[in-house]
Amino acid sequence: MNTILRKSILGIAGLTVAGGLAAGPLNHDTSTPTTRAAAVTTTQAASKLDSAALIPHGVQGTQSRIDLNDEQTKNVKAIIAATKKAGMDERAAVVSIATALQESKLENLGHLGDRNDHDSQGLFQQRPSSGWGTVEQITDPEYSTTAFLKGLKQVDGWQDMPLTKAAQTVQVSAYPDHYAQWEQQAADLVAQHWNS
């Protein structure tokens, strides 16, 4: 296993963290995501997961990271629970969490008025008008994650794709490469919460 990759995963995993399927990014927030180096703390949960399974292709590009509040952490745990319930593995959870980080910063967003991308809502910025479900459904973390995972399952070979390509195939974003920046934080969150 790549020593640098292992140290990065184990280092960041100790941080306290939290947790659309639209034609564009969920949130037109103009703030710049924070990029920072890995912390030097570790957790036992991180050592129980195989980093090659969480990030099989290595991260692509500069990685972003945000501090998560209690609501966002709750949403991370909901995504992981829905992934397990769907019978999918840790990698599917990494793809899901990275997607939700890009789309909503792991916030279960309702209608944002002029800042909204059409009628995109929820963790994944799914659109009722595109058939993802009702507003009530797509703002339910379990439902929206299950809907995302259903789309992911329909992508032939998603397990062998870079994260950003798998996420983009489901999301059809106007910014297809933006998912990649969240892969490390998503993997760290899965490592931290998968067995909790």
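crowded, with 22+ Cβ neighbours inside 10 Å and either touching a Pro at 6+ places or on another chain (Cβ under 8 Å) or modelled with pLDDT under 95 (or both), is that true of Gln184?
no
Return only the number of the condition from (1) surrounded by fewer than 24 Cβ atoms within 10 Å (Cβ to Cβ); (2) modelled with pLDDT of 90 or more; (3) in contact with a Leu (Cβ under 9 Å, 6 or more places away or on another chain) that Val172 does not satisfy.
(2)
Mind checking which residues of the range 87-120 are under 17 Å from Asn75 (Cβ atoms), modelled with pLDDT under 85, buried (at least 20 other Cβ atoms within 10 Å of the Cβ) and not hydroxyl-bearing (Ser, Thr, Tyr)?
Once the filter is applied, which keeps residues that are under 17 Å from Asn75 (Cβ atoms), modelled with pLDDT under 85, buried (at least 20 other Cβ atoms within 10 Å of the Cβ) and not hydroxyl-bearing (Ser, Thr, Tyr), the range 87-120 yields only Leu109.
Looking only at the range 155-169, decide whether some residue is modelled with pLDDT of 90 or more, in a loop (DSSP other than H, G, I, E, B) and small (Gly, Ala, Ser).
So far as the range 155-169 goes, yes, one or more of its residues are modelled with pLDDT of 90 or more, in a loop (DSSP other than H, G, I, E, B) and small (Gly, Ala, Ser).
Is the range 176-189 home to any residue that is within 25 Å of Arg65 (Cβ to Cβ) and either outside any helix (DSSP H, G or I) or aromatic (Phe, Trp, Tyr) (or both)?
Yes, some residue in the range 176-189 is within 25 Å of Arg65 (Cβ to Cβ) and either outside any helix (DSSP H, G or I) or aromatic (Phe, Trp, Tyr) (or both).
Residues are listed down the side, and each one gets a yes or a no for (1) closer than 18 Å to Gln159 by Cβ; (2) surrounded by 15 or more Cβ atoms within 10 Å (Cβ to Cβ); (3) at pLDDT below 90:
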position: Gly19; (1), (2), (3): no, yes, yes
position: Asp29; (1), (2), (3): no, no, yes
position: Ala38; (1), (2), (3): no, yes, yes
position: Gln44; (1), (2), (3): no, no, yes
position: Lys84; (1), (2), (3): yes, no, no
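Here's a check for you: in the range 46-77, which residue that is of a type in the set (Gly, Ala, Ser) and either part of a helix (DSSP H, G or I) or modelled with pLDDT under 50 (or both) is farthest from the chain's Cα centre (by Cα)?
Ranking the candidates gives Ser47 first.
Only one of (1) open to solvent by less than 10 Å² (accessible area, probe 1.4 Å); (2) of a type outside the set (Asp, Glu); (3) outside any loop (DSSP other than H, G, I, E, B); (4) at pLDDT below 95 fails for Phe124. Which number is that?
Every condition holds for Phe124 apart from (3).
Identify, please: which residue in the range 127-146 is at pLDDT below 85 and assigned to a helix (DSSP H, G or I) and is, among those, surrounded by the fewest Cβ atoms within 10 Å (Cβ to Cβ)?
Among them, the one singled out is Ser129.
The values are calculated or read from the model by the stated rules, or taken from the named source; none is laboratory data. Note that the structure is predicted; figures quoted are calculated from it, not measured. We place every Cβ from the backbone using ideal geometry, glycine too, and count neighbours over all the protein chains shown. The protein model used for the area step is the full one, side chains on, heavy atoms only, and it has no ligands, DNA or RNA in it. Shrake-Rupley method; radii C 1.70, N 1.55, O 1.52, S 1.80 Å.
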